[in-house]
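Notes to accompany the following structure.
Nothing in this text is a laboratory measurement; each read-out follows from the coordinates by a stated rule. Predicted, not measured: the structure shown is a model, and the values here were computed from it. Cβ coordinates were reconstructed from backbone atoms using ideal geometry, including for glycine residues, and neighbour counts include every protein chain displayed.
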Amino acid sequence: MAKKQHKFLCLVLCLALILTSVLMGTISAFATAGDTVYVRANNGWTNLHCYMWTDGAGNNGNWPGVKMTLVKDDIYSYKVTGSWNKIIFNVGSNANQTSDLSYPGKTNQIYDLKNGTWSTYEDAPTETTVSGATTSPVQPTTASSTNGTTVFYKNTKNWSTPYCYMWTDGAGNNANWPGEAMTKVEDDVWMYTASKTFANCIFSNNGSDQTSNLTAHDGQIYDNGTWKVYDLSDLRVKSYTADPATDIYPGMDVTLSADASNKNGAAVYYKFSVTNASGGTSVISDFGTAKSVTWTPPAAGTYTVKFDFKDTEENENSRSLSLTVSDDSSVSKPILKSVSPANLNVIKAGVPTTVSVTAGGGKTGTNLLFYKYVVTDPNGVNNTPYYTLNNTYRFTPTMVGDYTVSVYVQASDNSTVTKTYTYTATSDGPVPTVAPTTAQPTTEKPTTVQPTTEKPTTVQPTTAKPTTVQPTTEVNPGYQKGDANMDGKFDIKDATYVQMHVAQYSEASYIIVSVADMSGDGVITVLDATMIQKELLK
């Protein structure tokens, strides 16, 4: 009986060894040069990087690795240039990154960031063999080489004739340095096609000025430090953006912008839509000439923004972005969500204009938000601003022309966010209705009207001192330093009292400077409230 048990145990151990060998084979699978790995950034990440390495045998580049190429929607790709078995996807920093992943052992594998799983990327282009090497054509609407690696260069430095030097380590180059002259294809875009595939390239001004060593991306354009899909379709998409693209919160105005062109100059129309995580889609703006719209996310979550394009020649194209909207219920920093009137809106000279601000965050200390407004008229003259608790501000434009209003929002810890808005003041005639993308009317500045801006309705508080108050440099007898409300206690209520005093609440109008002036600068400001909070934390 013991012998049978022994044989059974040996069989189990052998099976375990076989299984371990199989698993280890998967874990230790190596990528080879030319493999393509994909990642689906369906968790809101953008600017994806790929860091690959083999323990004791180097890596594909210094951290955070090589910037990946946006293929379409939220799909990024990276063409492997070495032999590695470990991989990390990240956003170009330590802020967002995966754990250490094992390379799955096959080309055209895609990693799903939301689910954390590998699978075969079914939409990957079919590889074709060229001169003994493999090259992966890009998507149908993009440029792609037929003989060898084709790259494009955006000549932002205005080189007379850009040159392209290409090579593969251990497998030669396309020509002696500085390579071969590129061919101009349009405006400031230049193209070069090699006789075979190469892994790396350098663009230069005939060798006198040059880029760093780059990984060559077949059929793509190198534009100001970034590789991009180069669209050669009849209806070409030039750009599609969201502003802001990060740090988005519910109720915040997000500007969606796009630009496209038809090769024959035909008219282009734009449509903007947003799909939430549950699959519900809202059309922000149906097909029209407007290239920019404003979207206000109603709640936290992940949204997919789709940009649709069509022209009068019946061509169609589309792009999409994934945006993450975060909950702001406990955010300590101030958040500037929106301002009304909207940016580039029209106001009327001589008629009061009210700027209304929607803000959030500030969940720290007393949870109060403070606002300041700096109005600059067409001649560059601005008002004298003060912080207030009012989220609205009223001023009267006195002349025709462009006014700027810089809005500041400050939390009780003195952290501040600011944004500047521009308004066009027209004459006393009817104020035109302006669509978001309509050019503003040309206005003239009068020569006889002197610029003035209306002072804020609230003024800097004058600190009232009782006749018995000691000099501000001394602590008033009978009160502890920081006891701003003079209730005999030193607590968070004192910080609140200081902030209310700064905001000119009538119930906090009386204050003894020498008691409440924690900073020792002789005046009462939000800084004193902050110092009270810090002292309490000790």
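List of remarks:
- Among Met68, Met486, a tally of other beta-carbon atoms within 10 Å of each Cβ gives an order, fewest to most, of Met486, Met68.
- Label-to-label distance, nm, for residues given as Val185 and Asn379 (7 Å Cα→Cβ offset): 5.4 nm
- ³J(HN,Hα), Karplus 6.51/-1.76/1.60, whole Hz, each residue of region 301-310, x for Gly, Pro: x, 9, 10, 10, 9, 10, 10, 9, 10, 8
- Listed pairs Lys79/Lys228; Lys291/Lys372; Lys79/Lys157; Lys271/Lys348; Lys228/Lys306; Lys157/Lys228 exceeding 21 Å between Cα atoms: Lys291/Lys372; Lys79/Lys157; Lys271/Lys348
- Fewest-first sequence of Ser326, Ser514, Ser99 by Cβ atoms within 10 Å of each Cβ: Ser99, Ser326, Ser514
- Amide hydrogen neighbours beyond the local backbone of Ile248, cut-off 5 Å, H modeled: Ser326
- Computed lengthening from Asn176 to Ser208, 0.36 nm per intervening residue step minus Cα-Cα distance: 10.1 nm
- Between Asn414 and Thr226, the C-beta separation translates, for a Förster distance of 45 Å, into a calculated FRET efficiency of about 0.80.
- Burial ordering of Glu314, Glu535, fewest other beta-carbon atoms within 10 Å first: Glu314, Glu535
- Relative contact order [Cα under 8 Å, 6+ residues apart], region 36-120, whole percent: 36 percent
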